[in-house]
1. Considering lysine pairs in segment 308-362 that are 8 or more places apart or on different chains, how many have Cα atoms under 15 Å apart?
2. If you fit an axis through the alpha-carbon atoms of helix 586-598 and take the longest principal axis of the Cα set of the chain, what angle between them do you get, 0 to 90°, nearest 10?
3. Please list, by residue number, every one of the trypsin sites (Lys or Arg not before Pro) in segment 418-483 that is coil in DSSP and has at most 14 other beta-carbon atoms within 10 Å.
4. Counting only other residues whose beta carbon sits under 13 Å from that of Ser581, what net charge do I get with K and R as +1, D and E as -1?
5. Using Cα atoms only, what is the angle between the long axis of helix 387-398 and the major principal axis of the chain, expressed in degrees (0 to 90) to the nearest 10?
6. Across 10 Å bins from 0, what is the distribution of all Cα-Cα pair distances for the chain, in whole percents?
7. With angles folded into 0 to 90 degrees, how steeply does helix 157-168 sit against the dominant principal axis of the chain? Use alpha carbons for both and round to 10.
8. Taking the simple approach of a point 7 Å from Cα along Cα-to-Cβ for both Gln237 and Ile123, what is their distance in nm?
Amino acid sequence: MKDQTIDPTDTRVYFICGVSGCGKSTVGRALSKKIDLPFFDGDDFHPKENVAKMASGQPLDDKDRKRWLTAINKLISQSEDGLIVACSALKEKYRAQLSEDITKKIHWIFLNGDFDLIYNRMISRIDHFMGPNLLQSQFDILEIPNYAIECDIKYSVEKIVQNIRIQTLQMKKQLGLIGLGVMGKSLARNFADKGISLSLYNRFVKGSEDEIAKNFIESYPVLDTAEGHEDLQEFVQSLKTPRTVFLMISAGAAVDDTIEKLIPLLDKGDLIIDGGNSHYKLTQERNDKLSAHGIYFIGTGVSGGEEGALKGPSIMPGGEPEAYAICKDALEAIAAKDINGGSCCGYIGKGGAGHFVKMVHNGMEYAEMQFLAEIYGLLRYSAGYDTDFIANLFETWTKTDLNSYLLEITIEVLRKKEDDIHLVDIILDKAGNKGTGSWTTIAACELGVPVNTLTAALFARYQSAFKEERQSAEKLYGKQFNKREIDLTSLADAYKVARIINHHQGIQLIYAASESYNWNIDMPEVARIWTNGCIIRSELMEDLKVKLKEEPILLKHATYVNIVNNGMESLRKVCSQAILSGSAIPCLNSALTYVETYINEQSTANIIQGQRDYFGAHRYQRKDDPIGPSHHTIWN
Ligand code: 6PG
């Protein structure tokens, strides 16, 4: 296979040196095939007299060699392109003659091997003018250059060529990646696997982060051609222009800090991509800041966790279209594929659009996870089923349109045992979070969009964190669980409806932001990008990518009106069974409350308006005067 890192502008000279019989021509030809530079065998440049002398068993002297070396030197100086030359170049003096007035960068590659090995190889070489009897004379004058790349000939030709490639790879890389945590490492391997040449940077922290990039590269053959750096300037200089630097570091101050350090090292037209879960408003600010320096910026959501990053994540890039054009091919290459083979990466919109969409993805993810946790709780504690039964029930759901990645992994989580005990029974019931869920709720509040299920899931995590308080409260109030039958068919239907409501809310939030920030987000396209690679990929998402084209408001699409209508009773039933059994189901309940509110024209907000006007003269509108001025009443 051709080397993916071939640089068509490579004008370097690769001298393959060493004593006769060490394999210079074989290695030179193999290298030539690999890097697409022409190969010249130095032997072909000997004057006739030299060949005759060697064939007669006499070694050449310096004078003989001078004409020969001059001819090779001429070949190199007359060539505009790079080339590979096999030439023994045994002495320093010869190498000086070979390289005289050559302005091209030269790599000296010295093939090293012991006398016996080479001697035996020469014996079996029948068609060469140089016999084994001259080998000793070559070793006698040999001066091994300490600046050469030394390759041991005991290895295969392939390995030697690979070694040469690694050591001479000063070709500019297509993409630089900063941050070799779990996600960064997986993404790097994914990029390399798609033939994208890489420079990898990881900061140096004495004792804890030491030669991370170098060690990582050495661990994976796919990274053979990658370069590792701990010096940011050298890292930047190793990149092709316009440079693309992908940040896979913790969201927050570290991103700003790295951007600050990169600005003086980058040029106008270069691109920084932030692939972490950054806040969309910071992405917008960073975009503005970098654009003042003429540097492009892409803030992209990358979903799929460690495995997704390695095998194909879902990617949601936002920024200027010109910025996306620079990295489009690379990002689309590493992304997961949808069922039609399309890339699960697509331009989302300007500024913070990509990170906004990823943030909402996470908010929806929280609710999708919480639904499953609540259903598990209901089955386990209210209905009294054991964990295996629940896993088996979920398994049956995977065969239906309820299937999703989160459902699948929940089954595995439920099945996992440690010493015959279900691991979930050992895991402390306090949920963590890294912030994106809360940002979603805050954004929804700012935009005035009700995202009840997303917020209920977030608050359920918060409440779970108060473990000690719950412990003492249980002592105060006593256990309040009442065993109760849970109708399993209704449960599946309720889950289906709740998920539709959750997706509806997340999508409404994206529409609102798109309108408010003029992002022009193509929601069916976002759904398509979410059909594979990401955490909320599901059968429902496959459906949504089509249905949202027909009707942008999910809960107004005839298909979902039908499903919700048919499933409402089940959701009501499950929620009431849960309530009566004393089981907390904040997210399922909030889905029910949301949809009850959504489908009822008459709300109770008239009372709120009356109250507001009573104590604060906040005024209200009248049904019988809808376009008239707002009204105020003297209530008492
Ligand atoms: C993903 C995930 C990923 C991560 C989130 C959520 O799409 O790959 O959402 O981004 O799991 O950061 O983390 P928390 O649950 O810790 O908030």
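The values are calculated or read from the model by the stated rules, or taken from the named source; none is laboratory data. In this text, all values refer to a predicted model and were calculated from it rather than measured experimentally. Virtual Cβ from ideal backbone geometry, glycine too; neighbours counted across all protein chains shown. For the accessible areas, the whole protein counts, side chains as well, though only heavy atoms, and no ligand, DNA or RNA atoms are used. Shrake-Rupley method; radii C 1.70, N 1.55, O 1.52, S 1.80 Å.
1. Lysine pairs meeting the criterion: 4.
2. The angle comes out at about 60 degrees.
3. Passing sites in segment 418-483 are Lys430, Lys434, Lys479, Lys483.
4. +2
5. 80 degrees
6. Per 10 Å bin, starting at 0, the Cα pair percentages come out as 3, 13, 19, 17, 15, 11, 8, 6, 4, 2, 1, 0, 0.
7. Once rounded, one gets 70 degrees.
8. Once both label points are built, they end up 5.0 nm from each other.
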